[in-house]
Structure formats: C-alpha cells, structure tokens
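The values are calculated or read from the model by the stated rules, or taken from the named source; none is laboratory data. Everything numeric in this text was worked out from a predicted model, so none of it was measured. Neighbour counts are summed over all protein chains in view; Cβ atoms, including those assigned to glycine, are modelled from backbone coordinates with ideal geometry. Areas reflect the complete protein model, heavy atoms only, side chains present, ligands, DNA and RNA absent. Shrake-Rupley method; radii C 1.70, N 1.55, O 1.52, S 1.80 Å.
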Amino acid sequence: MKPTDPRVIVALDFANPMHALALADRLDPAACALKVGKELFVVAGPEPVRWMIARGFRVFLDLKFHDIPNTVAQACVAATRLGVWMLNVHAAGGRAMLESARDAVAATAAEEGRAQPLLIAVTVLTSLADDDLRATGVSGTADEQALILARLAAGCSLDGVVCSAVEAPALRSALGSTFKLVTPGIRPAGSAKDDQARTITPEAAIANGADYLVIGRPITQAPDPLAALASINASLGARA
C-alpha cells in the first residue's frame, strides 16, 4: 500500500444505482475507494463499476465468489476485464478454487495489459459469532477459523483476506506485513452496530494492523456523508 492510498473503502450498498452514483459523484477518489456489492451489482450490473473507474476511483468488487473452481475462475476473468482494483472469493471454497481464481486473475491481467487487481479471500463474516459458527459445524472460535482460512489464502498466494479488525493482530503476526487485511465491521465511536457482531472503531482497526477499512452506513446514511468521511480520515491522519 502506498502512503498516499486512502484507507477507507466506502460501501455503496444501495438498491437504487442512482443514489449510489449520486453519492459517488460527490466523493473524491483521493479520499476513498468504493465498494460495489451484491445488491447494487444485481440491480444495475457492471455499468456503475465502469462509471466509477472512469472517474478515477479504485473499486472493490465485493461479490464473494464461492463455487466450483472453473465457475469462480471465469467470474474472476470477467471482474479483471472490468478493471476493478480488488475482488474477493470465499476462502472456504478450498485450495483448488483459490488457486484457480489466482491463476485466472494473473493470466487475464497479463492478456489485457492491465494492472493485476488484488485478490483477497473472505475468512469469517463479521456478522457471525462463535455460536453461529458452531451451528454450521465449525468447532473453533471465529478467531481460530479466521486464522485457518487466512493461512490457506496466503498459502495459495492470494494478496490478503477480509477479516474482522478484532482478528487483525493475530493475522498480521502470523502472515507478515505485506499480506493485505481488509476489515468490515468498522463503526466510529457512538455508531450503531447494525447487523455486525464484531465491530471496532477506525482508529483501533488501524492500530490492530488493518490496511483498508470498509465503512458503509456510518458514512452513507450520515446526515452529511462527506463530513463523516472527512472526520474518519482525519482521525486516521489521512487526507480528507
């Protein structure tokens, strides 16, 4: 990560693409990256992503691919051709799927003559607590499972993982300084937790070793989204 790279990724989780684009049009690519997830992508397809990229934004395509290796590889080919900065898959898809995704991204970027996007793996969703994992047959804690899946992703030469910032210190210690940690569940002090089970403040997330902070509702639903983003960036010592 370059020192000038913004650390905040604004999650544009809107059902109406015009609302997402209207907010994006007010934001500065030097102040944040943008995340496009399932809701917006299903409603509007790839065009909003192309619009954001054309305006200089780094776009994190958060579709969490999880399927048989060939299907995931072809989805990664399409995402790489789209020109996104970052995309993700589920680490729980297993080694063959992760390696197929990695190879597809690298080969497509080379064929297209474009920069290779970051490929990261989802470990344990921040909406899940230990009891939720036990209900799915996972005997370990969320922290333990996140480390297992992060080690798997690193072993498959992925660029990093999505994890809770609560888990970041252990992952940073185990996987080194260059392995990217992308952390949702970020809530400024005083914000509602919403549907997140494991949350942390932006300042604490960075102190724990996070590289990028995914922040949605505390910015997008704030009375003044630009002021909310500027306040978070200022708290991190970043450009607002």
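Among (1) in a loop (DSSP other than H, G, I, E, B); (2) in contact with an Asp or Glu (Cβ under 8 Å, 6 or more places away or on another chain), there is one condition ALA165 misses while meeting the rest; what is its number?
Every listed condition holds for ALA165 apart from (2).
Restricting the search to segment 85-140, which residues are of a type in the set (A, V, I, L, M, F, W, C), part of a strand (DSSP E or B) and within 17 Å of GLY185 (Cβ to Cβ)?
ILE120, ALA121, VAL122
Can ASP224 be described as more than 30 Å from ARG95 (Cβ to Cβ), at pLDDT 95 or above and open to solvent by 20 Å² or more (accessible area, probe 1.4 Å)?
Yes: the conditions hold for ASP224.
Enumerate the pairs (first residue in segment 97-120 and at positive phi; second residue anywhere and open to solvent by less than 40 Å² (accessible area, probe 1.4 Å) and among the charged types (D, E, K, R)) with beta-carbon separation below 7 Å, excluding pairs fewer than 6 apart on the same chain, so at least 6 apart or on different chains.
Here the result reads none, with nothing in segment 97-120 linked to a residue that is open to solvent by less than 40 Å² (accessible area, probe 1.4 Å) and among the charged types (D, E, K, R).
Looking at segment 151-178, which of its residues are touching a strand residue (DSSP E or B) at 6+ places or on another chain (Cβ under 7 Å) and either crowded, with 24+ Cβ neighbours inside 10 Å or not β-branched (Val, Ile, Thr) (or both)?
ALA153, LEU158, ASP159, GLY160, VAL161, VAL162, CYS163, SER164, ALA165, ALA168, LEU171, ARG172
Test LEU181 against the criterion of being in contact with a strand residue (DSSP E or B) (Cβ under 8 Å, 6 or more places away or on another chain), open to solvent by less than 40 Å² (accessible area, probe 1.4 Å) and modelled with pLDDT of 95 or more, and give yes or no.
So LEU181 passes the test.
Suppose we filter LEU40, LEU34, LEU63 for residues that are over 27 Å from ALA234 (Cα atoms), in a strand (DSSP E or B) and free of Cβ contacts under 8 Å to residues at least 40 places away in the same chain; which single one remains?
The unique qualifying residue is LEU63.
Looking at segment 207-221 only, could you name the residues that are under 17 Å from ALA234 (Cα atoms) and over 15 Å from the mean Cα position of the chain (by Cα)?
ALA207, PRO218, ILE219
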